[in-house]
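This report concerns only the one structure given below.
The values are calculated or read from the model by the stated rules, or taken from the named source; none is laboratory data. What you see is a predicted model, and the numbers here were worked out from it, not measured in a lab. When we count neighbours, we look across all protein chains shown, and the Cβ atoms used for this are built from the backbone with ideal geometry, even at glycine.
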Amino acid sequence: MFIDTHTHLDDARYDNDRESVIARARKAGVQAFVTIGCDLPSSQAAVALADQYDCIYAAIGVHPHEVRHIAPGWYDELRRLARHKKVVAYGEVGLDYHYNHSSPKEQQIRFREQVQLGRELKLPLIIHTREAQDDTITILREEKASEVGGVFHCFSGDAWLAKDALDLGFSLSFSGILTFQNATMLQDIARTVPLDRLLIETDCPYLAPVPHRGKRNEPAYVVQVADKLAAIHGTLSLQEVAAYTTENAKRLFKIS
């Protein structure tokens, strides 16, 4: 059994075949999915999908690209959504200095607010960080994020970020990037992560793993990520990777 810990199943690219996408994943052994909010509408959509499908759980929050859109009442509505029994995390939140769709200063302010909100709601945090490693760790430390923990999703940072994240009590989640030919540094890092801190994800519809690279990603392909993790470790079977990552996801997100 596998759990895809980071999906965007509300994305319009699934509107014509969402049922088939979920059925293919279930057939591949993916028994549960966490679908992620990136702003208020997508957080609402994530909760609606969790209501519709037994196998889907939801995370709510505002992605760093979107924090410029936060309006009065958003945090109150996110608090309301958090009361839903299938909301299992707060995120994805963080910092992204690659595109700067929202200014770095605004991202930092909103990231602090959302870490505080995640702590208030007692939900683990799903962290997005890109070209903002030092500021991300600093804010997580200063805002006592270790009290709720969480995961650095789609991990693609260096060994220092991995160490800092693990020291804060966070898990690391690996995506299809792990299967890319030029991902040797990331593969080396993945080999060193404690087995009780490993998660797997697709981040679908983005970042499809080899051999599907360049196509629309979907949860069934999380099996390729797990298979690559097994190959990297060398001493682990695919079934053992499935068992470790599933247990870790269940524990972090309190999925029964």
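Details
- Residues (over 19 Å from D203 (Cβ atoms), among the hydroxyl-bearing types (S, T, Y) and buried (at least 20 other Cβ atoms within 10 Å of the Cβ)) located in the range 96-139: S102
- Just one of the listed residues (V62, V67, V93) is over 19 Å from C154 (Cα atoms), surrounded by 21 or more Cβ atoms within 10 Å (Cβ to Cβ), β-branched (V, I, T) and in contact (Cβ under 8 Å) with a residue 24 or more places away in the chain, and it is V67.
- Residues in the range 231-256 that are hydrophobic (A, V, I, L, M, F, W, C) and within 23 Å of G150 (Cα to Cα): V241, A242, A243, A249, L252, F253, I255.
- Cβ-Cβ distances below 7 Å connect the following pairs, each with a first residue in the range 221-235 that is within 11 Å of F2 (Cα to Cα), a second residue that is among the acidic types (D, E) and not in a helix (DSSP H, G or I), and a separation of six or more residues or different chains: V222/D4; V222/E201.
- If you check D11, D4 for being closer than 19 Å to L81 by Cβ, out of contact with any Gly (no Cβ under 7 Å at 6 or more places or on another chain) and at pLDDT 95 or above, only one passes: D11.
- Every residue from the range 198-210 that is surrounded by fewer than 20 Cβ atoms within 10 Å (Cβ to Cβ) and within 17 Å of the chain's Cα centre (by Cα): P205, Y206
- The range 88-205 holds strands (runs of 3 or more DSSP E) entirely within its bounds, and those carrying 3 or more residues that are over 25 Å from H233 (Cβ atoms) map to 125-130.
- Residues in the range 162-192 that are within 16 Å of the chain's Cα centre (by Cα) and within 16 Å of F111 (Cβ to Cβ): A165, F170.
- Residue in the range 32-54 that is in contact with a Pro (Cβ under 9 Å, 6 or more places away or on another chain) and in contact (Cβ under 8 Å) with a residue 12 or more places away in the chain present: yes
- Scanning the range 70-89 for residues that are closer than 22 Å to D4 by Cα and either over 18 Å from the mean Cα position of the chain (by Cα) or without any contact (Cβ under 8 Å) to a residue 60 or more places away in the chain (or both) yields L81, A82, H84, K85, K86, V87.
- Residue in the range 156-174 that is out of contact with any Asp or Glu (no Cβ under 8 Å at 6 or more places or on another chain), in contact (Cβ under 8 Å) with a residue 60 or more places away in the chain, on the phi > 0 side of the Ramachandran plot and buried (at least 24 other Cβ atoms within 10 Å of the Cβ) present: no
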